[in-house]
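**Student:** Once you've had a glance at the structure underneath, I'll fire off some questions.
Each value in this text was obtained by applying a stated rule to the coordinates, not by laboratory testing. This structure is a prediction, so every number in the text was calculated from the model and none was measured. Because the Cβ atoms are built from the backbone with ideal geometry, glycine has one as well, and the counts that use them run over all protein chains shown.
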Amino acid sequence: MGYRQYRAASCTLTAFAMQLYTKITIALILGVVAGLIANALAIDPLARLLIAIEPIGAAWIRLITMVVVPLVFASLIVGTASLGDITKLGRIGSKTIVYYLATTAIAVTIGLVLSNLIRPGSGMSPEALESLRSSYMAEGASRVTLAQDTPGLVDVLMNMIPRNPVAALAAGDMLPIIFFAIFLGAAISALPTERRDHIVGFFDGLNEACMVMIHWIMKLAPYAVFALIGAVIARFGLDVLRSLLVYVVTVLLGLVLHVAITYTAAIKLLARRAPREFFRKIRGVQLIAFSTSSSNATLPLTMETAEEELEIEKEVSSFVLPLGATINMDGTALYQAVATMFIAQVLVGHISLTAQFGIVLTATLASIGAAGVPSAGIVILVVVLEGVLAGSGIDPAAGIALILGVDRILDMCRTAVNVTGDLTAAAVIERSEYEHALRGAGGG
């Protein structure tokens, strides 16, 4: 039984069952409520219980992350080998990278405009400033050290070519895996038909098996979401959030505007789809991204949703989505812009238009340079801050310390935007390829 037949049979048996995204939403709300009760009312046994069950969520993330490498590898090989025309791969790749860079630059610009209008860092009291510095200065310094140890953009591009593909697969290094899978898929497409079909059939079967595993793992998602969200809220509560409320609202407003304006326009004008229906179909992906704060962990569900719900061709989704989960960080880039402006307004007071243009350029390029790095959002922010604070004598760690208290909450929100951007890109690229095929047919 193929994966599509398996899903059809499963959906028939559960036609009257509660939808998965509804269960996840309920679990999310219950986790928030339980965490707030534990933190706000200082109910220590409940807080300890919520923190104790957090490993359930962590184990679930490990389960779904376990499927990422074989899924991406198999899917990319099948998609590339099935293209037939290698020039099509180059066309899809160039469109994807240009689109990702363009939307990232737009996201950063939205963040800068809002920061100039709202000025989130202008009203922080000296008491709150000192409290945040004393609480998070040590962790801020460790994040700066982590960022300084990460490779630059040139090194990242060089490291895309793996010395040992098996080592890259074992380590889960996504960019080298993507490069090797595309290269291997292109080579397979050049083989005689009989040999090509045998190899493609194997990897297609592996891809379908991964999809079945995802279907099983997703049944555990509501319990994992409750464990993850409850622990986060119980641990941090709302005290830090109150001190940074204007900053948090600015970031969230920017994320909402980016989705409502940039993505909605792209879906309607470029992908030629109904935005409301599009967003309805991907809400399960957004909820999982929000809960896990990881585009890579969400990738299996993102690919499943693209192919099963949005009906995007595998040859497009298998390339655009893994690449997007690795280098496309619209939500993160917008967050960098607001965070940099907030820190500069608090510590420096004013930032020139020239420096703001530098933020757009640096954040856009750094979003690729930090691909696959743990705590990528903070890594990019350190890179941007070092440019903005250069010559001021201010340690970037002091700036990082100001925002670490709410970074986890904002990380959840920006990851949801990141995966939304990936799916939007897949829809746009597929429509572009469809129109290209129509023009080719007309020209013939």
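**Student:** For every other residue with a beta carbon closer than 12 angstrom to the beta carbon of Ala224, add +1 if it is Lys or Arg and -1 if Asp or Glu, then tell me the sum.
**Tutor:** +2
**Student:** Which length gain, in nm to one decimal place, applies between Ala265 and Ala59 when the Cα-Cα distance is subtracted from 0.36 nm times their residue separation?
**Tutor:** That works out to 70.4 nm of additional length.
**Student:** Under the 0.36 nm per residue contour assumption, what length would be gained going from the current alpha-carbon distance of Val98 and Lys219 to full extension?
**Tutor:** Extra length from Val98 to Lys219 when fully extended: 39.9 nm.
**Student:** Tell me, what are the semi-axes, in whole angstrom and largest first, of the equivalent ellipsoid of segment 24-115 as set by the roots of 5 times the Cα gyration tensor eigenvalues?
**Tutor:** Details: eigenvalues 357, 117, 16 Å².
One finds semi-axes of 42, 24, 9 Å for segment 24-115.
**Student:** Now for a different question. Work out how much length Tyr434 to Ala40 would gain on full extension: take 0.36 nm times their residue separation and subtract the Cα-Cα distance, in nm to one decimal.
**Tutor:** The span from Tyr434 to Ala40 would gain 136.5 nm if fully extended.
**Student:** As I understand it, the dipole of segment 233-334 uses +1 on the Cβ of Lys and Arg and -1 on the Cβ of Asp and Glu, about the Cα centre. Which of Ala274, Val316, Leu301 lies farthest toward its positive end?
**Tutor:** Value computed over the given set: Ala274.
**Student:** State to the nearest 20 debye the size of the charge dipole of segment 185-267 about its Cα centre, where the only charges are +1 on K and R beta carbons and -1 on D and E beta carbons.
**Tutor:** Using Cβ point charges on Lys, Arg, Asp and Glu, segment 185-267 gives about 300 debye.
**Student:** Taking 26 Å as the cut-off for C-alpha to C-alpha distance, list the pairs among Lys268/Lys314; Lys219/Lys268; Lys88/Lys219; Lys88/Lys268 that go past it.
**Tutor:** On the way: Lys268/Lys314 21 Å; Lys219/Lys268 32 Å; Lys88/Lys219 37 Å; Lys88/Lys268 24 Å.
From the list (Lys268/Lys314; Lys219/Lys268; Lys88/Lys219; Lys88/Lys268), the Cα-Cα distance tops 26 Å for Lys219/Lys268; Lys88/Lys219.
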